[in-house]
Amino acid sequence: MIYIIYVVLLCIINLLWLMTVPFALPGNWLMIIGTAMFAWWQRDNNVFSPYTILAIVILAILGEIIEFLSGFGGAKRAGASWKGSMGALVGAVIGAVAGSVFLPVPLLGTLIGACCGAGAGALAVESLGGKELRESMRYGFAASLGQFVGIASKFAIGCAIWLIIAVAGFLP
């Protein structure tokens, strides 16, 4: 009986970690760390198999890759040059940091900063490369949208991680 209470608490804590993912915080990794620690603590009960832990680690890595490359991909898909796409990638990182520091909206500043940074990076590089402003703005918008889709995809993967943990925790 006490085991079920522990699993419920793990699921609640992991749900709280999951809610941090849209704000560019490492919620997926915190779920994995907490679950791995729980599995080690409850190793006599064989709660989570190594395959379950491996599966959620692979999903978390996939989520990071998707999020990291999403602004790049959005700009590239819209027709931006390789340099413009790299500008979106660098802009997303700089924007996330700047948004965290300078936007007064707690946690949400990181999300807004990453999306705006990706767009600004693509726009700036393409404009400096000689493209017309209207065309550069299209690439910037696509990079911003791509970054948002990447963050949403990482959240969706986080939901899958949470579900895998919850189901595996209740199945012996």
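The values are calculated or read from the model by the stated rules, or taken from the named source; none is laboratory data. Note that this is a predicted model, so its numbers are computed, not measured. Neighbour counts run over all protein chains shown; Cβ positions are idealised from the backbone, glycine included.
Conditions tested, residue by residue: (1) within 13 Å of residue 146 (Cβ to Cβ); (2) not aromatic (Phe, Trp, Tyr); (3) not in a loop (DSSP other than H, G, I, E, B).
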residue	(1), (2), (3)
25	no, yes, no
57	no, yes, yes
85	yes, yes, yes
112	no, yes, yes
125	no, yes, yes
Candidates 97, 90, 125, filtered to the one that is at pLDDT below 90 and either crowded, with 19+ Cβ neighbours inside 10 Å or aliphatic (A, V, I, L, M) (or both): 97
Answer from 135, 126 - the residue that is among the acidic types (Asp, Glu) and closer than 15 Å to residue 72 by Cα: 126
Residue list for region 30-81, filter: exposed (fewer than 15 other Cβ atoms within 10 Å of the Cβ), on the phi < 0 side of the Ramachandran plot and of a type in the set (S, T, N, Q): 45, 49
Whichever residue in region 1-18 is touching a helix residue (DSSP H, G or I) at 6+ places or on another chain (Cβ under 7 Å) and either crowded, with 16+ Cβ neighbours inside 10 Å or aliphatic (A, V, I, L, M) (or both) and, among such residues, is farthest from residue 65 (Cα to Cα): 7
Which numbered condition residue 21 fails, given (1) over 13 Å from the mean Cα position of the chain (by Cα); (2) at negative phi: (1)
In region 138-172, the residues that are of a type in the set (Gly, Ala, Ser), within 27 Å of residue 79 (Cα to Cα) and surrounded by 24 or more Cβ atoms within 10 Å (Cβ to Cβ): 140, 142, 143, 144, 146, 150
Some residue of region 65-79 being modelled with pLDDT of 90 or more and in contact with a Lys or Arg (Cβ under 9 Å, 6 or more places away or on another chain): yes
